[in-house]
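The values are calculated or read from the model by the stated rules, or taken from the named source; none is laboratory data. Predicted model only: the values in this text are computed from it and were never measured. Methodologically, a virtual Cβ is constructed for each residue, glycine included, from the backbone with ideal geometry; neighbour enumeration extends over all protein chains shown.
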Amino acid sequence: MSEMTLHPAPRWRDVLVEQVRIVGLSLRPVLLVVIVVLAAFTFLIARDLLSGGEGFDSSGMFPTPLISFLFPFAIWLHEKPFGSSFLWIFPVERRRLALAKVFAGFVWLALALALFTAWLLALGALAGVGPAGTIMRIPYIGTIATYLFGSALLLGLRHPLKWVFGTAGLLLLVGGVSQALEHSYGMNTLLGSSRLFFATERLHSAWGSLPGPGQWILGTFLSLGAGLAALLAAASRHRERRRR
């Protein structure tokens, strides 16, 4: 009778490396689309510059936070967090493997952000625009925070898209109702006497009184801390419970 040999669980570093490779392979179609889009924009901007136009718009911020929020949906497109086709077939605890996949997605997001920054610098140099008009328009902290929140949404909810569209619809409805009430009844007078409104105004005033670096440091800490807390809370739903 042959004995069964039990192999040790893979090391955490090996799991991370393998997930980076798997996520990279799954994102190849997305990478091809991004390359085509950037090539088209490069051609249009270069043609405008050669014809004497401005070519490069250096106003406003780039919507990288929105892209990074949707990025986890591309990562988990073919492997559902609550399904049995992915997390059950690896000899790694479900929660750790889910976090490893989120980390792998962040690696590729950081690489894409670095390439996008280099592309902007090259275009800015071609158009005579300094770094303040190019890379300073990328909200890096907001981009990372929205990736964490998007990953938490996918790991924590079975139907995240329903929650996204439902929340967006609710916010639009509340905004429309608030504008209607303000236009018809002057609701600011009533809200001004409420404790919640007063506390919100005090908080906003305290935030505005902070110096610029203080606002940046506190905002970075709060946004990244909230994103990490949401991600860890969502990943706890995939914790395996051993039967005694």
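Find all pairs meeting these conditions: Cβ atoms under 8 angstrom apart; at least six residues apart or on different chains; first residue within the stretch 112-138 and exposed (fewer than 14 other Cβ atoms within 10 Å of the Cβ); second residue modelled with pLDDT of 80 or more and part of a helix (DSSP H, G or I).
Going by the 8 Å Cβ cut-off, the qualifying pairs are Pro131/Leu121.
Considering only residues of the stretch 1-58 that are among the hydroxyl-bearing types (Ser, Thr, Tyr) and either in a helix (DSSP H, G or I) or at pLDDT 80 or above (or both), which is surrounded by the most Cβ atoms within 10 Å (Cβ to Cβ)?
Ser26
Given the residues Leu153, Leu113, Leu181, which is the only one that is in a helix (DSSP H, G or I), modelled with pLDDT of 85 or more and over 23 Å from Leu31 (Cα atoms)?
Numbers: Leu113 fails: over 23 Å from Leu31 (Cα atoms); Leu181 fails: modelled with pLDDT of 85 or more.
Of Leu153, Leu113, Leu181, the one residue that is in a helix (DSSP H, G or I), modelled with pLDDT of 85 or more and over 23 Å from Leu31 (Cα atoms) is Leu153.
Just a yes or no: is a residue in the stretch 65-82 at pLDDT 85 or above, closer than 28 Å to Leu224 by Cβ and part of a loop (DSSP other than H, G, I, E, B)?
yes
State the number of residues belonging to the stretch 90-111 that are free of Cβ contacts under 8 Å to residues at least 12 places away in the same chain and crowded, with 18+ Cβ neighbours inside 10 Å.
0
Can Met136 be described as at pLDDT below 65 and not polar (S, T, N, Q)?
So Met136 fails the test.
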